[in-house]
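Trainee: Just dropping this structure here.
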Amino acid sequence: MDHTTLSLITIPLFTGAIGYVTNWSGVWMLFYPVRFAGIKVPGLAPLVNVMPRRIQQIPGLGQGGLGWQGIVPSRAAKMGSIAVDKGLSKVGSPGEFYRQLDPEAIAEQILATARGEIYDVVERIMERERPQLWHDLPPRVRAAVHARVEEQLPQIVHTITEEIGTHADDLIDVKLMVIRRLEANPALANRIFLEVGRKELRFIVNFGFFFGLLLGIPTAFLTEYVLTPWWVLPIAGVLIGYTTNLLGIRMIFEPVRPRWIGPFEVQGLFLKRQPEVAEVYADIIADDVVTMSNVAEDLMHGPNSDRTRQLIEDWLRPAIDRALGRARGAVRVAVGSRDYETIRASLATEAADYAVSPLADEEFNARQREGVREFVATRVRAMGPPEFSEMLRTAMREDEWLLYLHGAVLGFGAGLLHLAIFG
């Protein structure tokens with residue numbers, strides 16, 4: 001087989017391989033490794049910080065090391081912010097999500113646990129604040145206090161859960177909740193984008209081979225019969241690697257709205273799957289993001305936790321007065337107004353910690369997920385094409401240049417390799 005025939009056959013195969021390897025490794029670079037893999041270089045971080053912003057964004061360099069971390073997990077906090085701004089915030093408000101978790105069921109879950117613990121809470125606080133007085137009270141009076149607390153408990157808990165729902169938009173910071181969750185578990189950021197865009201990512205990889213193979217045919221004839229210098233093939237490899245990535249991503253997201261080209265309806269592949277993606281996205285959100293345990297954690301330890309505690313305590317203090325009933329006046333006289341307020345405040349504060357702790361129960365979370373899942377799926381299905389497209393596209397747009405550059409570099413290398421093997 002002469003040299004020309006060999007080139008005509010092998011160049012399309014090489015360009016197909018360029019396209020496939022470029023797109024496969026580009027997708028891999030988006031998500032892996034989950035944690036930084038490489039070596040830290042002392043003094044590199046300050047040097048990188050004065051470089052152009054795009055250089056600073058390269059995973060590894062931006063962390064002061066030589067190595068790599070997947071683009072998505074390296075931007076976990078930013079991805080969380082994007083996931084909320086372009087996804088969850090379009091789906092519903094914190095109050096709407098809270099209602100899907102069923103405040104009535106939340107109240108019953110708290111009651112089921114609190115009934116067994118509220119007795120110990122009262123005993124512990126009274127022993128700490130005024131042990132002598134508590135011991136001096138007749139047993140039937142202490143029993144009456146406990147009984148009234150138990151009697152008041154259902155109304156207190158139901159009122160608290162309703163009040164949290166009323167003020168949920170001010171108490172729950174969904175964006176920060178998601179960001180903290182993704183920062184602690186970067187693999188979750190991967191899961192969101194991998195599962196939502198799994199078919200499109202597979203398409204990018206396969207498209208790379210077939211489109212590269214197709215472009216290799218005119219490239220082979222061009223380099224053999226028109227432009228024969230040795231450097232033409234590496235340059236063609238650059239164009240093929242770059243163009244393959246560019247078109248693959250464009251075909252996923254564009255056009256945003258359906259267009260007719262002759263008898264064919266054309267639309268971005270991701271957008272065509274909106275009903276299917278809605279179900280996948282809803283499963284992830286209900287399983288790992290907007291769960292009852294995450295909401296409870298944000299309520300009691302998030303940026304607005306002081307307001308949550310204040311709300312709970314404001315409702316508990318008068319309830320404590322009601323629980324003491326007729327004994328309230330006698331107790332206030334016996335301990336003094338200042339000590340009485342201290343005891344009442346201590347009881348309200350400590351009980352607030354118990355108010356949402358039962359919501360971390362795994363079985364309870366599993367039961368509550370379906371309401372969130374169906375709510376998210378319904379809202380995502382109803383999104384307009386531009387909003388739906390932005391859910392995934394925004395996360396990739398800022399770093400697409402890295403994928404295009406990666407394709408161009410691999411294409412150039414593949415062109416040199418072909419020359420080295422076949423001359």
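Trainee: Quick one: Kirkwood hydrodynamic radius for region 156-195, alpha-carbon pairs, angstrom, one decimal?
Mentor: 12.1
Trainee: Going by how many other Cβ atoms sit within 10 Å of their own, how do Phe388, Phe193 line up, fewest first?
Mentor: Phe193, Phe388
Trainee: Going by how many other Cβ atoms sit within 10 Å of their own, how do Trp24, Trp231, Trp315 line up, fewest first?
Mentor: Fewest to most other Cβ atoms nearby, the residues stand as Trp231, Trp24, Trp315.
Trainee: Turning to a different aspect of this structure: How far apart, in nm, are two points set 7 Å out from the Cα along the Cα-to-Cβ line at Arg124 and at Leu214?
Mentor: With each label point 7 Å from Cα toward Cβ, the separation is 6.8 nm.
Trainee: Taking θ = phi - 60°, what integer Hz values does the Karplus form 6.51 cos²θ - 1.76 cosθ + 1.60 yield along region 266-275, in sequence order, with x for Gly and Pro?
Mentor: 10, 7, x, 4, 5, 5, 5, 9, 3, x
Trainee: For Lys199, which lysines qualify as cross-link partners when the Cα separation must be under 22 Å and same-chain residues fewer than eight apart are set aside?
Mentor: Within reach: Lys86, Lys272.
Trainee: Right, another one. Most exposed first by the Cβ proxy, i.e. fewest other Cβ within 10 Å, how do Thr15, Thr5, Thr113 rank?
Mentor: Thr5, Thr113, Thr15
Trainee: For a quick size check, give me the Cα extents of region 66-207 along its three principal axes, largest first, whole Å.
Mentor: 82, 37, 24
Trainee: So if I average 1/r over every pair of distinct C-alpha atoms in region 203-243 and take the inverse, what Kirkwood radius in Å does that give?
Mentor: About 10.6 Å, per the Kirkwood formula over Cα pairs.
Trainee: Right, here's the next one. State the extension gain, in nm to one decimal, for the chain segment bounded by Glu276 and Asp136, taking 0.36 nm per residue of separation less the distance between their alpha-carbons. Each step should come with its number before you reach the end.
Mentor: Values: separation 140, 0.36 × 140 = 50.40 nm, distance 6.73 nm.
Residue separation times 0.36 nm, minus the Cα-Cα distance, leaves 43.7 nm.
We did not get these values from a lab; they are worked out from the coordinates using the rules stated. Values in this document were obtained by computation on a predicted structure and should not be read as measured data. Ideal geometry is used to build each Cβ from the backbone, glycine not excepted, and the neighbour counts take in all protein chains shown.
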